[in-house]
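The values are calculated or read from the model by the stated rules, or taken from the named source; none is laboratory data. Just so it is clear, the model here is predicted, and its values are computed rather than measured. Ligands, DNA and RNA are excluded from the accessible area calculation, which covers all protein heavy atoms including side chains. Shrake-Rupley method; radii C 1.70, N 1.55, O 1.52, S 1.80 Å.
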Amino acid sequence: STPAAAAPPPAASAPAAAPPPAATPAPAAKQQAVALPPDVVRAVESATAFADDTATQSQHMNALRVLSQEPFASAADFATMDAKVKLHAMAGQLEETRAALRVLRENHSKDLGTDVLKLHDYVMERFHASPMVLKERACAREAVGDLEGACTDLEQAIRQDPESGDRDRLEKLYRRRA
């Protein structure tokens, strides 16, 4: 799912700060896809390849600045959220990555479930299967009906963080799976 390139929006005079992770854009069904500028597309391509040298890190941060401005800041279309997930992950920004994953799950699990799961797998590689990322992928798997996979991810997260308080959620998944 490579985002389509388009002419860049007018440049802002000063880069805006990234929105807080709790901010959730409007449902994608009510939005038009926002064409990503060519510089953002190139940054996403390098992030997809896990390019992580000084030049690409700068490219990723510049792309994140663009995505923190309108019309991208409030966009929830798949291409914009794909870019946000990959670029925040490459920047090592776990909370921002998780927030973007949640928006993807809420808006695209039904129509693009396989692609949403692939992005969770991408984040798993970047953050080395941290308990928080395992829980995110468990949610994505549950959203697409993969209860077995959701249980497996949640079991692994609980093994890594036994005090997480997710045992009740795992029990509910077991009952639904049965």
**Report entry** For region 97-178, alpha-carbon Rg relative to the globular expectation (2.2 N^0.38 Å, N residues)
**Finding:** 1.02
Report task. May I ask you to rank HIS128, HIS120 by accessible area, largest first, using a 1.4 Å probe over the protein chains only? Result -> HIS128, HIS120
Query - For LEU36, distant residues with modelled amide H under 5 Å away - result: ALA4, ALA6
Report summary line: For ARG141 the rounded accessible area (nearest 10 Å², probe 1.4 Å, non-protein molecules ignored) is 50 Å²
Query - lysines with Cα under 26 Å of LYS135, excluding same-chain neighbours fewer than 8 positions away - result: LYS84, LYS86, LYS110, LYS118, LYS172
